[in-house]
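This report refers to the structure that appears directly beneath it.
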Amino acid sequence: MGIETEYGIASSDSSGAHIATEPAVIAEQLFADMQQRTGSTSAFLENGGRLYLDIGDHPEYATAECTQLADLLAQDRAGDELLVQMAQVAQERLETSHIHLFKNNVDTAQHSYGCHENYLVRRRLDFLDRLNDLVPFFVTRQLLVGAGYVYHEPGTVRFELSQRARHMHGAVSTSSTRTRPMINTRDEPHADAENYRRMHVIVGDSNMSSATTALKVGMTNAVLNVMEDGVRLPSLQLLDPMRAIRDVAQDLSGRVLLERANGQTISATEVQAEIFQIVREHYERAGWFADLDPLMRYAFDLWERALHAFETNDFGAVHTEIEWIAKYELITRYRHRFHVPLSDDRISRLELAWHDVSSAGLRSKLEQSGVLKSAVSDDDVARAMHYPPQTSRARIRSAFIHAARRHHRDFSADWGLVRLFNDGNGVTVGLSDPFATSNADIEALIDSMENNE
């Protein structure tokens, strides 16, 4: 599993006032060192991840392939920190006081940019049919893992669950931008195509809360595990998923009724509760709980506690772990303290500060004060900035990149292969097994670099 995150960028002066520097100019300076070092604004890193400049001048970071939730959380936060370091260098070049990096999903012009989750799944003939079973899950998942959003439209300002929900235009599609579906089905596994597919989920919000990220990826991973073990999710097909995803986003209670394809109705919380029940019961029958790592256990616990909170309308037990709830409470306290409406510009600035991963952002203060629970340690994040997960092929790719750079050799790398150049020729080694942690051909290439010194 892995996460790709696109960031918004802006700059401000010493007073905090916005400076109208073109994002392209900021992005150019952010990636100037990478461009000089590699000749490109896209590179695989020694920590196993990939950092690049995406369309629309959005910096994007993709974590390494992770088999453990703890590695994924550390890798995700490491991307934030790596970009912050790049921004500090770019600030000096631009002679601007501050570069802001926003881990959100909508800019002031209502352009949306994404947080994409990737899950390796087995290749099977009924893949698309199984994906359709997942649509109700993703329509209602925002109730638990949305980042929250102060939505403005003429005559109305309201708090919604998700920034990404109203920018979805399809349920399942091969397109990722034109129709922007919840699940992208482009067949690009980055692995042995005979055995694997990559499920590319683009409906989720970017989360500042590591606890919410743990729940988002953990619950989805658990659902996929159960489905791959032969269990079918309940038949909860919705009549109009695009209407449903917007209706759910606008109802903070989770009780909005969604029309089903069979003519009946069901609430968002009921959808999640039915799916949770099936997943938990199968984990219990299969004996999987005995081998669960602590963070997956935590994801199950938070999933259950969050559903109970909606059932009882008492969020005291989860308000520091479910991001949109923590954000809503912070905004509500601010409004009461300063007697301002939700439409006030200060609320907009507060929301931007929530999503700012730079030193101008609120996350570290909120975590230190207990407003946001952290599910990842600073030490793990610091390590993930330089070292890959040890239980996937990222370990092999990282060792190769580290050796090639140490010996000043020309090379290229991708998810599924690496290439070492030598006098115009090249040696290519495939990495088609995402679970491999060693590779004799890569080790031979590294030895050749060492011996030719």
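Observations on the model:
- The HN-Hα couplings worked out from phi for segment 130-138 by the Karplus form 6.51 cos²θ - 1.76 cosθ + 1.60 (θ = phi - 60°) are 5, 4, 4, 4, 7, 4, x, 4, 6 Hz, whole numbers, x standing for Gly and Pro.
- Separation of the E194 and F127 label points, Cα + 7 Å toward Cβ, nm: 1.6 nm
- Normalised contact order of the chain, rounded percent, pairs of Cα under 8 Å and 6 or more residues apart: 19 percent
- Accessible area per residue was computed with a 1.4 Å probe on protein heavy atoms; E22 scores about 120 Å².
- For G170, the amide hydrogen comes within under 5 Å of the amide hydrogens of M182, counting only partners 5 or more places away or on other chains and with H modelled in the peptide plane.
- Average Cα contact separation per residue, segment 249-382, under 8 Å, 6 or more apart, as relative contact order %: 14 percent
- Phi to ³J(HN,Hα) by Karplus 6.51 cos²θ - 1.76 cosθ + 1.60 over segment 188-200, Hz, x for Gly, Pro: 9, x, 6, 6, 4, 5, 6, 10, 10, 10, 10, 8, 9
- Ranked from largest to smallest solvent-accessible area, with a 1.4 Å probe on the protein heavy atoms, H169, H282 come out as H169, H282.
- Derived scalar couplings ³J(HN,Hα) [segment 64-70; Karplus, 6.51 cos²θ - 1.76 cosθ + 1.60; whole Hz; x for Gly, Pro]: 5, 5, 10, 9, 10, 4, 4
- Those residues of segment 133-155 whose amide nitrogen sits under 17 Å from the label point placed on H336, 7 Å along Cα→Cβ: none
- Ranking E117, E274, E6, E28 from most to least accessible surface, computed with a 1.4 Å probe over the protein chains only, gives E28, E274, E6, E117.
- Whether segment 311-382 is rounded, prolate or oblate, judged on the alpha carbon gyration tensor where a/c under 1.5 counts as rounded: oblate
- Annotation for segment 207-259 versus segment 261-304: alpha-carbon center distance of 11 Å.
- Segment 101-151, accessible surface, carbon-and-sulfur percent (1.4 angstrom probe): 56 percent
- Were the residues from S14 through Q36 laid out at 0.36 nm apart, the gain over their Cα-Cα distance would be 5.0 nm.
- Anisotropy class of the chain from Cα gyration tensor, a/c 1.5 cut: oblate
- Under 5 Å, built H, 5+ apart or other chain: amide partners of D54: E60
- Probe 1.4 Å - accessible area at H111, Å² to nearest ten: 110 Å²
- For segment 327-360 and segment 70-109, distance of Cα centres in Å: 20 Å
- Per-residue SASA entry for Y328, accessible area with 1.4 Å probe, Å² rounded to 10: 90 Å²
- In this calculation the C-beta distance from S253 to V427 is compared with R0 = 60 Å, giving a FRET efficiency of 0.50.
- Percentage relative contact order, segment 252-293, counting C-alpha pairs under 8 Å, at least six apart: 24 percent
- Most to least accessible of M1, M34 (protein chains only, probe 1.4 Å): M1, M34
- Nitroxide proxy distance, nm - points 7 Å out along Cα→Cβ at R405 and V25: 3.0 nm
- Surface analysis of segment 120-250 yields an accessible area of 35 Å² per residue, using protein heavy atoms and a 1.4 Å probe.
The values are calculated or read from the model by the stated rules, or taken from the named source; none is laboratory data. The shown structure was predicted, so the numbers you read here are calculated from the model rather than taken from an experiment. Note that each Cβ is placed from the backbone with ideal geometry, even for glycine, and that neighbours are counted across all protein chains shown. Heavy atoms of the whole protein, side chains included, go into the accessibility calculation; ligands, DNA and RNA do not. Shrake-Rupley method; radii C 1.70, N 1.55, O 1.52, S 1.80 Å.
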